[in-house]
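Working notes for the structure below.
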Amino acid sequence: EELFPYLWNGLDVVCLHRQPVDMVVIDPGNKAPMVAEWQIIETVCRPRWVVLHNINLPNHAGGWIYQYLLDRPKQWRQQALGRYALHP
């Protein structure tokens, strides 16, 4: 299932030489939908592990990517879920 038409991206170059990658960490801001980036990460980088931040915040890419992965239990499974606090 394709999210949208594929577009070539600089991330492709990195992943073509390093795939499959061991892990990606996604910590998006609220203005970064990351649809194009996720498609490249999933299909070209082919990470073994995905660490998502901000899955509980509305309008953050972490939330929709989290749900997308949960909806594909044959390809992905959740290993850990938790929270942390940053103290000054």
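The values are calculated or read from the model by the stated rules, or taken from the named source; none is laboratory data. A quick note: this is a predicted structure, and the numbers were derived from the prediction, not measured. When the accessible area is computed, the model is the full protein with side chains, heavy atoms only, and any ligands, DNA or RNA have been set aside. Shrake-Rupley method; radii C 1.70, N 1.55, O 1.52, S 1.80 Å.
Extension gain, Asp22 to Asn59: 0.36 nm times the residue separation minus the Cα-Cα distance gives 10.6 nm. Solvent-accessible surface of the chain, taken per residue with a 1.4 Å probe and all protein chains present: 76 Å². On the chain, 56 percent of the accessible area sits on carbon and sulfur atoms, based on a 1.4 Å probe. Return one number: the angle in degrees, 0 to 90 and rounded to the nearest 10, between the long axis of the Cα atoms of helix 61-70 and the longest principal axis of the Cα atoms of the chain. Roughly 80 degrees, rounded to the nearest 10. The accessible area of Leu70, taken with all protein chains in place and a 1.4 Å probe, comes to roughly 80 Å². The phi-based Karplus calculation (6.51 cos²θ - 1.76 cosθ + 1.60; θ = phi - 60°) puts the 3J(HN,Hα) values of the stretch 43-57 at 8, 9, 6, 6, x, 7, 10, 10, 10, 10, 10, 6, 6, 8, 9 Hz, whole numbers, x for Gly and Pro. Contact order for the chain, expressed relative to its length and based on alpha carbon pairs under 8 Å spaced 6+ residues apart, stands at 26 percent. Computed on the chain, the Cα convex hull volume stands at 128 Å³ per residue.
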